[in-house]
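Take a look at the structure set out below.
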Amino acid sequence: MNLAPYRKKSPWILHYNAGGCNGCDIEILACLSPKYDIERFGMINTGNPKQSDILLVTGPVTKRSRERLVEIYAQMPEPKVVISCGACASTGGVFRGMYNCEGGVDQFIPVDVYVCGCGTRPEQIIDGVVQALAILEKKTKGLEESVKLKKEAVKEGHQLNRRHIADEIKPVLT
Amino acid sequence: MKDVLIPVLLILLAPLLGGLLYGFERIVKARMQRRIGPPLLQPFYDFLKLADKRRMMVHSTHAFLGIMHFVSLWFALAVLLLGGDLVLVIFLHLLSTSLLILAGYSTRSVFSHLGANRAAISVLAYEPVLIIIAVSIFMLNGTFDTAAVFTGKEPLLYKMPLAFIALLLVLPIKLKKSPFDVAEAHQEITGGVELEFSGLFYEAVYTARWLDYIFCYTLVFLFAGSNILLGIGLVVFTFIYLNALDNSTARVSYKQMLRFSLGVAGTLAFINLLINSFS
Amino acid sequence: MYSFITGLFLLPLIVSGLLLVLPGKISKRIVILASSLLAALALYIFIYTTAPLYVKIPGYVNEAVAGADILLLVYFGWVALRKKSWLVGILTVLQLGGLLYLLKALPESHSVQFMVDKLSAFMFLLINVISGIIALFSLRYIEEEDCSAFRKKYFLSILFWFIGVMNLLVSSDNLEYFFLFFELTTLASFLLIGFRKDAVSVKNALTALWMNQVGGLAILATIFFIAYNGYGEATFSTLLAHTADKGILLPLALLAVAAISKGAQLSFSKWLLGAMVAPTPVSALLHSSTMVKIAPFIILRLSPALKDTPVAMVLIGLTGFVFIAAAIGALAQDNLKRILAHSTIALLALMIMMGAMGTPVTIVAALVLILFHGISKCMLFLNAGVLERVFHLKETSDMDRLGESGPFTSLVITLGFMSLLLPPFGAFIGKWLSIETLGALATDKKILGALVMVAVAGGGAVLSLLYFKVMGGLISRTGEQDRIRFERTGPFYSVTIYILLGLVLAGIIGLPLLLTHYFAPVAAQTLGQPVPVITEGWNMYVGSMRLPIVPLLVAFFLLPVTIITALFIRFRRVDRASEYMCGEKLNYSFSSFYFSTDRATPYFYAAGILFLITLLLVALI
Amino acid sequence: MKKIETNLADLKKDIGAFYKPELHHFIVMNAVQCGDKMEVQWFFNDYAYPGETTCFYALISPEEEVPGMKDIVASAWVAEAELVDLMNIKVENTMKGFVLEPDFESGPLLKKK
Amino acid sequence: MGRQYEIPVGAQHISLLEPLHFKFTTENEKIIRTDANVYYVHRGIEQACCSKFKFRQVSFVVGRVCGLCSISHTTAYSQVAEKLLKLDIPKRAKYLRMLVIELDRIHSHLLCLSHVAENSGFEALFMKTMQYREFSMELLEAVCGNRIQYDFSIVGGVARDLKPETGQLILQRLKNFMPQLEELVGIYQHNRTLSLKNKGVGVLSKDDALRLNVVGPFARAAGLAVDVRNETEDLLPWKEVGFEMITDTAGDVHARNMIRLREIYISIRIIQNIINGLPESALLTETKAFPDGEATVRLEAPRGELFYYAKGNKTQVLERLKIKAPTFSNVAGMVHAFTGNEYGSAAAIIASYDPCLSCTAR
């Protein structure tokens, strides 16, 4: 039985602020509110990586949050998509090149949807999520290769020990 | 034939009914919060999606206990619907809860542990009340068998209104509804014992919640005896009451919950027990 | 049959003597041989006893018994002098005075002194099988004890002596004999509790001594009142023959006091809690098969007479209170042995309550509880010993790593606690039968029944919280360890625990059989009325209570099988993820809820004393 | 803004004499590079209207250890810990690593020569 | 292991908007010690402002210090730059700055209140508050052109003018909002379970507030009358537009909720006064000078006193810029006020501080 079509009917989101200015975070919160009501799409803000499908990351990745970002990414079971919300999560934005910023979520984990804006609007976030759902349907269940993870892509059906993925993060000095 | 067929059908369809009930409840809740809410079949979409996830767990003991929680809860529900002994049903339910609590304890995860601690406290809060209610029922019927309640002439509600109120007061604890959802407490311990489950293993715990709905509403239905109309009325009333309560209260602390449940609900059930023993 | 019973009486005593003189190597074999022989004898007697067997004893033995009594009391007096314990002194003087008066005033008895009926045979089974296992366990345990070689032999010797005395005690009909053996068990426990000879041990041993002496005094008073009322000889049979008489209430109440003191109910609970200082096999012995089980035994013996008397009502009230008080007290404990001790007190209360109610179902419930509580508690205590010796753990809060270092021990302790709490274990069946019968009591006795009902429901919930707390610490381990390897603890430790585990699990499957063929006849003979146990399709009826077999059998697969499978199962092709710690990778310290009941304890004791006074007052009026 | 000069030896005495919890509140501690020297500043403000900002400052060389203010101003530890990491000065009883990861170069706010 | 239980909250936790890490050491879920790590968001803005960006660009950078109170940051920076340039700005610009600051305060306070409700386990109230909050976001969009990150203040004045019809729209929406605000006050004040969760929880006494130098609603709830709007008038004429100090005495979460709700009334009054009495003048004062000397500026952000220190050296790039955010002053008080509370209330207490760590860490 092909269950892939049901993935997009029940996307549970996890939100992580990797060092942003809060602007996008409150807009994510606003998405939950009655005006935008993201639960229409079956979304729940789980707050728990182990039961989430979509990771919403905001903010340029600061040095202190980079390992936490990879850790919670590793704790999410595939298939999963990552949405970088806002300019700084996508590229580093105005913070790019600052001494404590790594600049952009895609430096660490594979990102599927980039949502623009500073700060990004709820409509844009919802649009990004809907685009992510289309990607989610096509995803495989293997772990994806990434810039800093230094992990080979893992095929479906093989056992993977995720316990030490974040240990392999090496600091990048700019 | 009919006596057996309906319970068996109910038992087999329990997850389905529970899922529908849960989906409907999510809509009602959303409407109460002036939102549109998810579609009615949302729980089943969740179910199918969870089955599709890559499998992941902390360790095998933990995952296995979660599955057995679902199995044993279904079994407890079956015994209840087939007219089994009420005290035995309560203890079987305790057994299934205890498997989940043990699963919570079995990992070295802080929130899972905390959730298990709180779930154990919740057991302390509602179990004595349920047992007292069961004994009150025994006094009226002379037997603990729920079959006798389902076939009884007069609805229990007329004889034990206080016990019914006590049941209503402890149901939010069992169903993890505000104000007594300390065991789940999303903002505090992110789901408690459910936290470490994922994918297919979480599915077992997630579906067990649907069974818990059926279990609790069957307990409510007991108070109507053989009067099906009254039973449906009670269930609808309880449904509305639970959702209204959920939407108008904040979560209290576990100490306040324990004090309230044992103090108020326990006293009500006890008074009802005394009344029953004197009448 | 006579010879078998005599063997059961004399074998432990002979072994006890031999162990003192023979060298260590041979004594090991003797212990193994004697334990298995005793178990076999007890099993044989239990299976083949039908009608009560009366044993007459020649007159000169009576003299010897009287002499032994006096010797024993003199020894107590000497202990009182040496340890400067005025309580023991006063009680000894009182006892000695009473005994001498009775010896002088009472006529020489010539009737039966021993009566072996099914209840005694049931107790034989419990005493000899469980104590034998404990003796095997002690062989290894005592080797690691820090004391002289003679003291080690002495320890085993007292153990067997204790078994012998218990065997005699549960079969004596004559109250004078009963008094002697009662006091001899007191002496044995006094010696065992004080075995380590440090200040705390000596103090707690003295506490045990004087508290149990109160019970002895109560027995002496019983004998006096039986004579005073002119019922004839002071035997249990006499008491049961005069059930209709009103004057019997006082002797009954006094014997109940004796039972309460032995059974460590409030406010005598201190001695059992203090007994923790002794080597762990002693605790196992005291809690599971001997000593405290005298309490439900006395009540069961008297249950036909006790039934529906005011004394029984007070007793039910007291035990209901003790059940919840002990459960709450247990919640505040951290030491594993103290937790076990509190739960023993709570369950003993339940057994005494069931005995005092005296209906067929309750007697069956009491028997089930006595047997399965004995097995489970013995297993738990022996594991506590293993923890102490192998893992050097005593506090439950230190045991959070046990699931990693000692998975087998943690599994067994988990199962042991579950067996006290959940379906389908034997102890649960006993508890369940009690709740069901309490419902009937509440219909019958209104307020008392309702109150006791609440106490049992509340106490049960508190106990389940406690067991969760302990099990939670035991079962936890990190995700790093997915494969379980059982630890090795040594042959004597593991074999005994395997046997007990087997007994616990066999109890689940064999329970229907045991109920129909063994428990029901025992209860029938004890009560003097038939106890119907009918199997009908998938249901079993004990009296009016229905035991559905299917749910229990399924529950058997759900719980013990689940717990054991959960440890061994390994899911393949499933990813291992780390625990969710908010993305952090720090180590956090764990604990559980704790509770303090220091403030409530004095009130509990005061309430216990109040109940005791009520008990005597009710009997007098 | 009122600026009062002080030195490391008199610092605690001066601030202790000035700071009354019910009259002033501590705002922040700051450091500015002045050539080879470092100007360390402590800002206080009145609760009254119009509130005036008072700034104590001391010129130190980068190796010198600045006395901690924690016993006079209970909430000063946050500001001290931050300055230690960002400006690479030494403050009594304050460890590095509160603001920055251990692997980072010290004193990122210092102007590079 | 003993009786102590260490509970982490953060970096990622559902009750937190921002990454911060609390380690609560608890006994029976009662907090006995709190360790806080608030520097997850440290990005290095101060250094960038003094090296990468010219002083006129900095006002857009400091706006990104915090998304919730970006107008306070840009305004405070503009003011400190104007002080360095010795610039006087038009009165209409001052009024417009106050208007946006107060609108921002309304949205920030409502967000904080809804977050407290959510973390107290009162989901319906969270939804309700968020729903009512949307009007302020729409108004801000109408005034500044963006829902968050307004970039409204620039050095020398403001970037956009307020059209009269927008002013009328604001007045209309505020009038519609009043009954909704009454409803919220009723719920926050009287809901029984919410008071169980909030009353007497997370208490900071007045003495501690003085000792630990806390600011903003956190301090005002403890009875400490500290509000920059009450202390200075040289830069923004607060008293002219009807500012009023609000304090409470209880110092608990409930008091902080009430302070925020009552401040919304004051903000509404200020906004109405500003729109009704908006002076006509230019929006911007131009200058070609470079910043020189040092200056400090204090401004009341929604969370309390915002402090800017700047030093110029007659070049395009500043010598030093120091930002002291309100939460920076509150960290010591925050860590202090957890002790003795239930862990179950911790999330609600955190939300009631309304911590703004992205400003604190910069």
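Scanning the range B:14-23 for residues being within 13 Å of chain A (Cβ to nearest Cβ) and touching a residue at least 40 places away in the same chain (Cβ under 8 Å) gives a total of 2. For the range E:292-310, name all the residues that are within 11 Å of another protein chain (Cβ to nearest Cβ) and either not aromatic (Phe, Trp, Tyr) or not in a strand (DSSP E or B) (or both). Correct list: E:293, E:294, E:295, E:296, E:297, E:298, E:304, E:305, E:306, E:310. A single member of B:34, B:54, B:26 is farther than 30 Å from residue C:576 by Cα, within 10 Å of chain A (Cβ to nearest Cβ) and part of a loop (DSSP other than H, G, I, E, B), and it is B:34. All conditions but one from (1) open to solvent by less than 50 Å² (accessible area, probe 1.4 Å); (2) not in a helix (DSSP H, G or I) apply to residue E:229; the one that does not is (2). Selection of the range C:9-35 for residues being loosely packed, with under 14 Cβ neighbours inside 10 Å and within 18 Å of residue C:129 (Cβ to Cβ) yields only C:33.
A quick yes/no check of all residues on (1) of a type in the set (Val, Ile, Thr); (2) surrounded by fewer than 17 Cβ atoms within 10 Å (Cβ to Cβ); (3) more than 9 Å from every other protein chain (Cβ to nearest Cβ):
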residue	(1), (2), (3)
C:452	yes, no, yes
C:455	no, no, yes
C:465	no, no, no
C:473	no, no, no
C:479	no, no, no
C:485	no, yes, yes
C:498	no, yes, yes
C:513	no, yes, yes
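So that you can scan it fast, the table gives a plain yes or no per residue for (1) among the aromatic types (Phe, Trp, Tyr); (2) open to solvent by 40 Å² or more (accessible area, probe 1.4 Å):
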position: E:139; (1), (2): no, no
position: E:143; (1), (2): no, no
position: E:147; (1), (2): no, no
position: E:152; (1), (2): yes, no
position: E:155; (1), (2): no, no
position: E:159; (1), (2): no, yes
position: E:163; (1), (2): no, yes
position: E:167; (1), (2): no, no
position: E:170; (1), (2): no, no
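Residues that are open to solvent by 10 Å² or more (accessible area, probe 1.4 Å), under 13 Å from residue D:56 (Cα atoms) and of a type in the set (A, V, I, L, M, F, W, C) within the range D:12-33 comprise D:17, D:18, listed in sequence order. Looking only at the range E:335-344, which residues are open to solvent by 10 Å² or more (accessible area, probe 1.4 Å), of a type outside the set (Asp, Glu) and either under 27 Å from residue E:308 (Cβ atoms) or within 14 Å of chain B (Cβ to nearest Cβ) (or both)? Residues satisfying the conditions are E:335, E:336, E:340, E:341. Can you find even one residue in the range C:518-526 that is within 30 Å of residue C:400 (Cβ to Cβ) and assigned to a helix (DSSP H, G or I)? No. Within the range A:11-43, the set of residues being of a type in the set (Ser, Thr, Tyr), more than 13 Å from the chain's Cα centre (by Cα) and at the interface with another protein chain (Cβ under 7 Å from one of its Cβ atoms) comprises A:33 only.
Which ones in the range B:81-92 are part of a helix (DSSP H, G or I) and more than 7 Å from every other protein chain (Cβ to nearest Cβ)?
Result: B:81, B:86, B:89, B:90.
A count restricted to the range D:34-53 and to residues that are over 13 Å from the mean Cα position of the chain (by Cα), under 16 Å from residue D:7 (Cα atoms) and within 12 Å of chain E (Cβ to nearest Cβ) stands at 1. Can you find a residue that is of a type outside the set (A, V, I, L, M), within 27 Å of residue B:192 (Cα to Cα) and either more than 7 Å from chain E (Cβ to nearest Cβ) or open to solvent by 10 Å² or more (accessible area, probe 1.4 Å) (or both) anywhere in the range A:83-93? Checked against the condition, which is being of a type outside the set (A, V, I, L, M), within 27 Å of residue B:192 (Cα to Cα) and either more than 7 Å from chain E (Cβ to nearest Cβ) or open to solvent by 10 Å² or more (accessible area, probe 1.4 Å) (or both), the range A:83-93 yields no hits at all. Tell me, which residue of the range C:197-216 that is aliphatic (A, V, I, L, M) and surrounded by fewer than 22 Cβ atoms within 10 Å (Cβ to Cβ) is nearest to the chain's Cα centre (by Cα)? Ranking the candidates gives C:214 first. Inspection of the range C:83-102 finds no residue satisfying the criterion of being open to solvent by 10 Å² or more (accessible area, probe 1.4 Å) and under 22 Å from residue C:4 (Cα atoms). What helices (runs of 4 or more DSSP H) lie completely within the range C:323-405 and have 1 or more residues being under 13 Å from the mean Cα position of the chain (by Cα) and crowded, with 24+ Cβ neighbours inside 10 Å? Correct list: C:336-357, C:360-386.
Residue C:148 passes every criterion in (1) polar (S, T, N, Q); (2) within 24 Å of residue C:24 (Cβ to Cβ); (3) at pLDDT 85 or above apart from (3). Taking every residue in the range E:71-89 that is free of Cβ contacts under 8 Å to residues at least 12 places away in the same chain and pairing it with any residue that is crowded, with 24+ Cβ neighbours inside 10 Å and part of a helix (DSSP H, G or I), at least 6 positions away or on another chain, yields no pair with a Cβ-Cβ distance below 9 Å. Taking the conditions (1) open to solvent by less than 10 Å² (accessible area, probe 1.4 Å); (2) closer than 25 Å to residue E:205 by Cα; (3) more than 9 Å from every other protein chain (Cβ to nearest Cβ); (4) not polar (S, T, N, Q) in turn, residue D:78 satisfies each one other than (3).
The listed residues are C:396, C:362, C:414, C:344, and the only one of them that is out of contact with any Ser or Thr (no Cβ under 7 Å at 6 or more places or on another chain) and away from every other protein chain (no Cβ under 14 Å) turns out to be C:344.
Every condition in (1) open to solvent by 30 Å² or more (accessible area, probe 1.4 Å); (2) at the interface with chain C (Cβ under 10 Å from one of its Cβ atoms); (3) modelled with pLDDT of 85 or more holds for residue B:78 except the one numbered (1). Selection of the range C:140-154 for residues being open to solvent by less than 10 Å² (accessible area, probe 1.4 Å) and touching a Phe, Trp or Tyr at 6+ places or on another chain (Cβ under 6 Å) yields only C:142. So, restricting to strands (runs of 3 or more DSSP E) that lie completely within the range E:1-95, which ones have at least 1 residues that are more than 7 Å from every other protein chain (Cβ to nearest Cβ) and either in contact with an Asp or Glu (Cβ under 6 Å, 6 or more places away or on another chain) or not hydroxyl-bearing (Ser, Thr, Tyr) (or both)? Those strands (runs of 3 or more DSSP E) span E:21-27, E:30-37.
Scanning the range E:243-258 for residues that are part of a helix (DSSP H, G or I) and open to solvent by 10 Å² or more (accessible area, probe 1.4 Å) turns up E:254, E:258. Can you pull out every residue in the range D:54-75 that is more than 8 Å from chain E (Cβ to nearest Cβ) and open to solvent by 10 Å² or more (accessible area, probe 1.4 Å)? Matches in the range D:54-75: D:57, D:59, D:61, D:62, D:63, D:64, D:65, D:67, D:70, D:71, D:72. A Cβ distance below 8 Å, combined with a sequence gap of six or more or placement on separate chains, defines the contacts here; from the range C:64-76, residues that are assigned to a helix (DSSP H, G or I) reach residues that are surrounded by fewer than 19 Cβ atoms within 10 Å (Cβ to Cβ) in the pairs C:66/C:103; C:70/C:96; C:70/C:100; C:73/C:96; C:74/C:96.
The values are calculated or read from the model by the stated rules, or taken from the named source; none is laboratory data. This one's a predicted model, so the numbers in the text were calculated from it and none came from an experiment. Heads up, the Cβs are rebuilt from the backbone with ideal geometry, glycines too, and the neighbour counts pull from every protein chain shown. These accessible areas exclude ligands, DNA and RNA; they are computed on the full protein's heavy atoms, side chains included. Shrake-Rupley method; radii C 1.70, N 1.55, O 1.52, S 1.80 Å.
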